[in-house]
Amino acid sequence: MKATLKIATMVLALVLSIQLSAQDINKKAMQKIDEQVKEMVDVMGLDKKQEAKVLEIKKQQHIDRKALTEKYDKESKEFVEKVKELNKLTNQKIKAVCTKEQWKKWSSRNKD
């Protein structure tokens, strides 16, 4: 019971932090995120639940990348490495949301 309560509390905190941080996304950036997610829905055939999860992941990616631009010089090696790490983590999160077949469709979309 304690473990369930702890997990529920952590999930609630995560959801609230994402909602609060989503306010940091301007209209133009949100439009770009929506377009990216729409492409993923079209290519992978995501259902509504998956779409919502991917949208939150992409919003968080944007917020985290924005923080990196404030912390590092965009031309620095550190910035490039941190962005690569962020992209890798984002892909891992998205991969966990979709099926292997869906991810395969996404990964091979530009190889034709």
Positions within region 48-68 being surrounded by 12 or more Cβ atoms within 10 Å (Cβ to Cβ) and free of Cβ contacts under 8 Å to residues at least 12 places away in the same chain, in sequence order:
Ala52, Ala67
Matching residues, region 16-29, being part of a helix (DSSP H, G or I) and either among the β-branched types (Val, Ile, Thr) or at pLDDT 95 or above (or both):
Ile18
Out of everything in region 77-112 that is in contact with a helix residue (DSSP H, G or I) (Cβ under 9 Å, 6 or more places away or on another chain) and in a loop (DSSP other than H, G, I, E, B), what residue ends up being surrounded by the most Cβ atoms within 10 Å (Cβ to Cβ)?
Cys98
Has region 97-106 got at least one residue that is among the β-branched types (Val, Ile, Thr) and either touching a Phe, Trp or Tyr at 6+ places or on another chain (Cβ under 8 Å) or in contact (Cβ under 8 Å) with a residue 12 or more places away in the chain (or both)?
yes
Residues of region 40-69 satisfying the condition of being out of contact with any helix residue (DSSP H, G or I) (no Cβ under 6 Å at 6 or more places or on another chain), farther than 20 Å from Leu89 by Cβ and either aliphatic (A, V, I, L, M) or in a helix (DSSP H, G or I) (or both):
Asp42, Lys48, Lys49
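Can you name every residue in region 53-99 that is of a type in the set (Lys, Arg) and under 18 Å from the mean Cα position of the chain (by Cα)?
Within region 53-99, the subset of a type in the set (Lys, Arg) is 53, 58-59, 65-66, 71, 74, 77, 82, 84, 88, 93, 95.
Scanning region 53-99 gives Lys53, Lys58, Lys59, Arg65, Lys66, Lys82, Lys84, Lys88, Lys93, Lys95.
The values are calculated or read from the model by the stated rules, or taken from the named source; none is laboratory data. From a predicted model like this one, the values you see are computed outputs, not experimental measurements. We place every Cβ from the backbone using ideal geometry, glycine too, and count neighbours over all the protein chains shown.
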